[in-house]
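Trainee: Mind looking over this structure? Questions follow.
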Amino acid sequence: MNRLSVAALGAALCIVAARAAFAASIAPSTLVADPAQYDGKSVSVTGTVKAYQHNSTPMGPVAGYQLCDAKCIVVIDKTNATHADGDKVTAAGVFHASFKAPQRTFTNAVIVSK
């Protein structure tokens with residue numbers, strides 16, 4: 001196998017591994033039921049948007065909203081994604097049982113980074 005083939009194979013494996021990390025979507029109520037199990041891990045969460053807002057913060061422009069099923073989690077989205085209340089969306093990022101932002105601390109939050 002030549003170097004180009006090895007590099008292409010390595011890149012493909014990295015993409016597959018990244019997709020596998022976010023493959024199974026978790027419900028917000030699953031995260032709320034056992035936050036310690038998911039703390040610090042990459043997750044993909046599907047739910048309904050509630051209380052969407054877009055702000056300029058010390059971290060730059062950030063969208064914040066709740067993502068809900070029977071329970072709600074907080075989503076802090078640094079990718080400039082726009083949603084409306086009632087939209088069904090999937091947020092992929094790192095889950096934090098507790099996340100300290102510059103002005104407040106959030107419980108059960110998914111941080112979506114660029």
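Trainee: Using amide H atoms built 1.01 Å from N in the peptide plane, name the residues 5+ places from Asp87, or on other chains, whose amide H lies under 5 Å from its own.
Mentor: Close amide H contacts, sequence-distant or interchain: Val49.
Trainee: What's the local net charge at Ala63, with K and R +1, D and E -1, over the other residues with C-beta under 11 Å away?
Mentor: 0
Trainee: Next question. If the limit is 18 Å between Cα atoms, which of Lys41/Lys88; Lys78/Lys100; Lys78/Lys114; Lys41/Lys114; Lys50/Lys88 go over it?
Mentor: Result: Lys41/Lys88 exceed 18 Å.
Trainee: Next question. Say each of Thr82 and Arg104 gets a label point 7 Å from the Cα, pointing the same way as Cα to Cβ; how far apart are those two points in nm?
Mentor: 2.4
We did not get these values from a lab; they are worked out from the coordinates using the rules stated. What you see is a predicted model; the values in this text were computed from it and never measured. Here the Cβ is made from the backbone with ideal geometry for all residues, glycine too, and neighbour counts use every protein chain on show.
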